[in-house]
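The values are calculated or read from the model by the stated rules, or taken from the named source; none is laboratory data. Treat the numbers as computed from the prediction; the structure is a model and nothing was measured. Here the Cβ positions follow ideal geometry from the backbone for every residue, glycine too, while neighbour counts run over all protein chains shown. What goes into the accessible areas is simple: the full protein's heavy atoms, side chains included, and nothing from ligands, DNA or RNA. Shrake-Rupley method; radii C 1.70, N 1.55, O 1.52, S 1.80 Å.
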Amino acid sequence: MIRTLAAQPDAGAALLEEAEAVYRGVLVDAQRYRSTAADVVERARTAGAAEAVVVGLRAWAWGEHVRLDNERARVLLDSAARLASRRGLDSRLGEILVSRAAVSHELGRLAAAQDDLDRAAALVGPECGAELVLQQAALHQNIGRLHDAARLYRDVLDRDACPPQVLVKVTNNLALLEVGLGRWDAAQEHVEQALRLAAELGPAPHAIVSQSRAWITMQVGRLAESLHRFEEAGVLYEKAGLPLGEHLVEYADALIGLRLLPEAQAAAARAAGEFGQHEARLMAAEAQLRSARLHLLAGEAEEAAAAARSARALLRRQGRTAWVARADVTAVEALALQGPLPLSALRRLQAAASTLDRLGLRSDAVEGHLAAGRLALVRGRTQEALSSLARADRLARRAPVLVRLRGRVAAALGAQHSGDGVAVLRHCRAGLADLAAHQAALPSMELRALASGHGAELGRLGLRAVLPTGTPVQVLDWMDRTRAAALVGVDVPATAGFEDELAALRGTQGELEEARSGGAEPPGLVARVAAAEDRVRRASWTAQRSTQTSAGRSHPAELRGLLGDQVLVMYGSLDGALTAVVLERRRTRLVPLGPTAAAVRAAEALLFALRRMPRPRSPAAAAAARASADASRLRLVELLVRPLSLRPDVPLVVLPSADLSGVPWSCLHTAPTTIAPSAALWARTARRSAASDRVALVAGPGLPGAATEVTALAERHPAAEVLLPPHSTVEAVTAALQGVSLAHLACHGLLRADNPMFSALVLHGGRLTVHELAARADAPHRLVLAACESGVQVGYEGDEMLGFVSALFTRGTAGLVASILVVPDVETVGFMRDLHDHTLTGRTLAQALHAARSTLDLAEPGDFVNWCAWNAFGAA
């Protein structure tokens, strides 16, 4: 008994030292030290070491806080506070109050957090003073008092001695704050400094600061780079045992910037679920507001308004002024999509914009003032509108690219309503130039196509300004400026970093196809294919990209020189009406054409009828399908071609808008017709020449006529490399396509309208997807894609289209023939033989296709479908 009593002070001191070490460990590696903290508390209670219990409870609570179990952390800290108070451990009580303030902060109980900080200020010693100031600054930061927070953070940095874990948090938080204030260079300097410090502390600080660096990289406009950094941060979060909620919600921001909206919504939903499960109310409210913003971007007005209202209620209870203002902007924008709003809604929006502006939240203020300007215009309050729009324009200058684009939209809207068309075009040109530079840095064709959506409104504003008073040449120039921006460069093949993902996808698809051939479709295998596709996409988003050349812009004089006796027709759609610009040898004309919807309906009716024709249920059904096809085709001629007043024998170069991408143009005109995404891209194909005279002929599996077709073509091209199953594998075919003058692929085509980058050609043992074609193959100079629906392009906002045609243009192909329908297999053999015969006489693919079509028997359903379905693309 005497020995035990004598040893008690030494045991208490040892336990206290151990508890303090565990607390320091929890701060940098909670996953490792959390259970140790609970053990220390148990042993300290047994030994009656009150101070060690208090410190151990603080460590244990912080471990629970890190994994977002803040209610449990609060219970532990309450217990520690009571014990410290009873034992007169004032400095320890102050430390507990500082930690409890952080937990209350995360729970959204900001008033309680402030009360604890006020009490702690009179209790803590110098060693905890920096942490107290850190928590006070963080509280200011989250309620929107950024300048007060910055002052406190700098006060900590100016101190001679500061615990390293506090220094990392302060430097990291200051970096995030500088972003909000629009001081992007300072933000990057601070986060790099924090990252160097964090790497020396432990896995948790390193993960958190890496996440901040990813988010800041996104905020300064380097979106593709930020994705790579978010991926790295996610791995670090998992290794550190940190909950992924905060990582996911900020990752969603980067995905929003890249217009990957479904992926962003999924990330935000996962984050919201995690925050809700752990009652992390502070972050849950932010995640809910992000979800509202995503609904708004997707045009889901009711869902956006409901989510914004719910988020606002939470944020208002938390006293977070800046976030409430953000919620007000989103809520009013969502309500405006549903119908007219009262003046009170405008006042609410103006107040929110002013709050964001006053708090120095530059990017958010731009969005708020732009929204207020739009609503003021709708309500006829022109002066208020112009004031809001001008403020958005001023704030956006010298900001990152996506913020600048919003400022350009504001400036163009203001100029439009001031009647200054010249200024509208100036702002729109500047914005689209910024966007083009941004797109050039994006590593995948998919991301570049999606990014065009950021410029869609600028494109419409510019066209609305130039169309009424501009010359036809000016209209042509503007239309060409605003389409196919994703295809402006010729990419150098680059699969580095995701060859394994592509191979894994082919293997998994092969397993699924084998299962389907036996009548099964295992859900687990379907899920594996979806997961493999997701890995390929994500790898392509962060791949290295280099561009050899740019399409640039082509002026009318150059176009006329390249066209020769051809006439170029560019179609554009604005406010539901079609306009054509006709560029002829000696003049350029504008031709109004009528409603866009009428042409779209006629094209859909024609394609529907053509799909029915090869396999009619009865003679009556066959006759009805043919009558419908004839009527729809003639309707398209009346809507799109006849108003142009062209000679029937003049060859056409057609540049359709995205609305008209599904039109079978070859059957609408009586002379050779070719298609291109833009005038600049067509001109690039016209300037290109073949690098060799090699020919590759490929047949895929499962088509009875494919091998027959390729064998027949080999007689016309005796020096050709011929690949038939089982030799026509993806690897063999992509190797054979390298730099050939002419290639012919006869195989199944699989259209993926949900994601055209996974549209595919079926080869032996696997699929050649658009993803892989765009990344690997040095494309043929000319290519005949004898595959069903290989010419179908999927439209994206901003007059972008993705599919095999787009991928091949980015690889440098100059001429292409492809079908926009499922075509009869065996019936194409003679047709393709005729087409190749004409190419051997020196004709372009458009001329050869036109000549081959003239030999078809249009009374035969299969021949008629072939006559309609095949289009030529490019100049070669």
query: Label 7 Å along Cα→Cβ of R67; the range 238-253 residues with amide nitrogen under 11 Å?
result: 241-243
field: Options V722, P262, A322, ranked by Cα towards positive dipole end of the chain, top entry (Cβ charges)
entry: A322
message: What does the extension gain come out to for A691 and D78, with contour length at 0.36 nm per residue minus their alpha carbon separation?
response: 213.0 nm
- line: Distance in nm between R347 and R611 label points, each 7 Å along Cα→Cβ, equals 5.4 nm
- prompt: So if we plug the beta-carbon distance of L840 and R586 into 1/(1 + (r/R0)^6) with R0 = 35 Å, what FRET efficiency do we get, rounded to 0.05?
  reply: 0.55
query: Counting only protein heavy atoms and using a 1.4 Å probe, what share of the accessible area of the range 18-165 belongs to carbon plus sulfur, as a whole percent?
result: 46 percent
- request: Take peptides 665-672, 433-440, 208-215 and line them up by average Cβ neighbours within 10 Å, highest first, as a rough protection proxy.
  value: 208-215, 665-672, 433-440
message: What's the magnitude of the charge dipole for the chain around its Cα centre, counting Lys and Arg as +1 and Asp and Glu as -1 at the beta-carbon? Answer in Debye, nearest 20.
response: 2360 debye
- prompt: Taking square-rooted eigenvalues a ≥ b ≥ c of the alpha carbon gyration tensor, is the range 692-777 rounded, prolate or oblate, where a/c under 1.5 means rounded and, failing that, a/b exceeding b/c means prolate?
  reply: oblate
task: May I ask for log10 I(q)/I(0) of the chain at q = 0.05, 0.09 Å⁻¹, from a Debye sum over the Cα atoms as equal point scatterers with solvent left out?
output: -0.36, -0.96
field: Whole-Å distance, taken between Cα centres, linking the range 732-782 and the range 64-89
entry: 62 Å
task: Compute the separation of the alpha-carbon centres of the range 804-842 and the range 632-698 and state it in Å as a whole number.
output: 13 Å
message: Can you compute the modelled spin-label distance between H147 and R45, with each label point 7 Å from Cα toward Cβ, in nm?
response: 5.0 nm
query: With the other protein chains left in place, how much accessible area per residue, in square angstrom, belongs to the chain at a 1.4 angstrom probe?
result: 39 Å²
field: Stretchable slack from E715 to E303, in nm (0.36 nm times residue separation minus alpha-carbon distance)
entry: 142.1 nm
statement: Placing +1 on each Lys and Arg Cβ and -1 on each Asp and Glu Cβ in the chain, then taking the dipole about the Cα centre, the residue among Q211, L370, L77 whose Cα reaches farthest towards the positive end is L370
- prompt: How large is the dipole of the range 151-305 about the Cα centre if only Lys and Arg carry +1 and Asp and Glu carry -1, each at its Cβ, rounded to the nearest 20 debye?
  reply: 200 debye
Dipole of the chain [Lys/Arg +1, Asp/Glu -1 at C-beta], most positive-end residue of V663, G234, L248: V663
field: the range 603-676 - charge dipole about Cα centre, Lys and Arg +1 at Cβ, Asp and Glu -1, debye rounded to 20
entry: 340 debye
message: What does the extension gain come out to for D857 and L634, with contour length at 0.36 nm per residue minus their alpha carbon separation?
response: 78.4 nm
- prompt: Taking the Cα-to-Cβ direction at D185 and at A266 and moving 7 Å from each Cα, how far apart do the two end points lie in nm?
  reply: 4.0 nm
- request: Using θ = phi - 60° and the Karplus relation 6.51 cos²θ - 1.76 cosθ + 1.60, list the HN-Hα couplings for the range 209-225 in order, rounded to whole Hz, with x at every Gly or Pro.
  value: 6, 4, 4, 4, 4, 4, 5, 5, 4, 5, 5, 7, x, 9, 5, 5, 4
query: Hey, any idea what % of the range 192-279's accessible area is carbon plus sulfur with a 1.4 Å probe?
result: 53 percent
- prompt: Once the mean 1/r over all distinct Cα pairs of the range 791-860 is inverted, what Kirkwood radius in angstroms do you read off?
  reply: 13.9 Å
- line: Computed from the beta carbon distance with a Förster radius of 45 Å, FRET efficiency for D534 and H417 to the nearest 0.05 stands at 0.55
query: For the range 388-524, what % of the accessible area comes from carbon and sulfur atoms, probe 1.4 Å?
result: 54 percent
- request: Would you calculate, for the chain, the mean residue ellipticity at 222 nm contributed by helices, counting each DSSP H stretch of 4 or more residues as -39,500 (n - 2.57) and dividing by all residues, to the nearest 500?
  value: -21000 deg cm²/dmol
statement: So the FRET efficiency between E604 and Q338, C-beta based with R0 = 30 Å and rounded to 0.05, is 0.55
message: Can you order the peptides 468-475, 805-812 by their average number of other Cβ atoms within 10 Å per residue, highest first?
response: 805-812, 468-475
query: So what J values fall out for the range 188-198 if you push phi through Karplus, 6.51 cos²θ - 1.76 cosθ + 1.60 with θ = phi - 60°, rounded to Hz, Gly and Pro as x?
result: 5, 5, 5, 5, 5, 5, 4, 5, 4, 5, 5
- prompt: Mind listing the phi-derived Karplus ³J(HN,Hα) values for the range 103-112, rounded to whole Hz, using 6.51, -1.76 and 1.60 with θ = phi - 60°, and x for any glycine or proline?
  reply: 5, 4, 4, 5, 7, x, 9, 6, 5, 5
